[in-house]
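A short worksheet on the structure shown next.
The numbers here are math on the coordinates, done by the rules we state, and not lab data. Just so we're clear, the structure is a prediction, and the values are computed from it rather than from any experiment. Here the Cβ positions follow ideal geometry from the backbone for every residue, glycine too, while neighbour counts run over all protein chains shown.
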Amino acid sequence: MHAIYDELGGSDGVRTAVTVMYHRIVADPELAPWFEGVDTERLKSHQRAFLAAAFGGPQVFTGRSVGEAHADMRITDAAFDRVVQSLMTALADLGVANEAVLTVGARLEDMRGDIVTA
């Protein structure tokens with residue numbers, strides 16, 4: 001079985017998915033406050049590296065752990081769900097196979113405990 005990274009279209013696919021996802025997130029009035037004053041270009045770069053590694057691509061992510069990065073953000077279950085849904089929708093809109101989209105959602109669900117702190 002090949003990596004989800006390949007199913008997403010490799011580096012270009014991950015880059016496009018992250019761009020589309022953040023466009024949706026910062027336009028969402030319920031999520032936008034978490035991103036005010038944040039360097040979104042830097043954040044997108046970290047997100048691309050993290051997702052590439054998480055989905056079986058190159059292991060170039062050197063940032064903080066998911067728990068450390070989100071520790072003081074008071075992220076709610078509802079916000080987590082909206083972000084995950086934004087990524088899954090972006091992937092589906094980009095033509096990623098439903099099975100791969102569901103696998104991405106399941107992998108992100110495994111991180112809920114490290115991200116949701118509210």
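Observations on the structure shown:
- Amide H to amide H distances under 5 Å link Ile75 with Thr117, Ala118, where only residues 5 or more positions off or on other chains count and H is placed in the peptide plane.
- The smallest convex shape that holds all Cα atoms of the chain, its convex hull, gives 98 Å³ per residue.
- Cut-off 14 Å between beta-carbons: net charge of the residues surrounding Leu102, Lys and Arg +1, Asp and Glu -1: -3
- Relative contact order, percent, the range 9-115 [alpha-carbon distance under 8 Å, six or more residues apart]: 32 percent
- The order of the peptides 25-37, 83-95 by mean Cβ neighbours within 10 Å, most packed first, is 83-95, 25-37.
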